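These notes concern the structure reproduced below.
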Amino acid sequence: MKHWLIFFVPLTLLACSAPLMDDELAEALPSVAALPDLGEAPELTNEIWLNTETPLRLVDLRGKVVLIDMWTFG
């Protein structure tokens with residue numbers, strides 16, 4: 001057990017003291033503010049819905065994380 005603590009405590013202190021990101025790296029990453037504002041998403045107007053009892057509406061999904069997987073039969 002003591003061998004585990006000898007390794008874990010210094011590693012934890014090192015992780016807590018390391019900077020999250022260099023200034024140069026932060027400048028190289030694209031800014032979220034640089035993305036264009038395309039307005040509100042259009043309402044979903046599908047006729048067929050799978051694995052749901054009622055059609056989905058954006059109002060009902062607001063504030064939730066949503067993954068939409070679009071595909072076609074064919």
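Got at least one residue in the range 35-51 being among the aromatic types (Phe, Trp, Tyr), loosely packed, with under 10 Cβ neighbours inside 10 Å and either modelled with pLDDT of 75 or more or in a loop (DSSP other than H, G, I, E, B) (or both)?
Within the range 35-51, none of the residues are among the aromatic types (Phe, Trp, Tyr), loosely packed, with under 10 Cβ neighbours inside 10 Å and either modelled with pLDDT of 75 or more or in a loop (DSSP other than H, G, I, E, B) (or both).
Here is a list of conditions, (1) hydroxyl-bearing (Ser, Thr, Tyr); (2) surrounded by 10 or more Cβ atoms within 10 Å (Cβ to Cβ); (3) modelled with pLDDT under 70, and residue 12 meets all of them except one; can you say which number that is?
(3)
The values are calculated or read from the model by the stated rules, or taken from the named source; none is laboratory data. Note that the coordinates shown come from a computational prediction; the quantities given were computed from them, not determined experimentally. Glycine also receives a Cβ, built like all others from the backbone with ideal geometry; neighbour counts cover every protein chain displayed.
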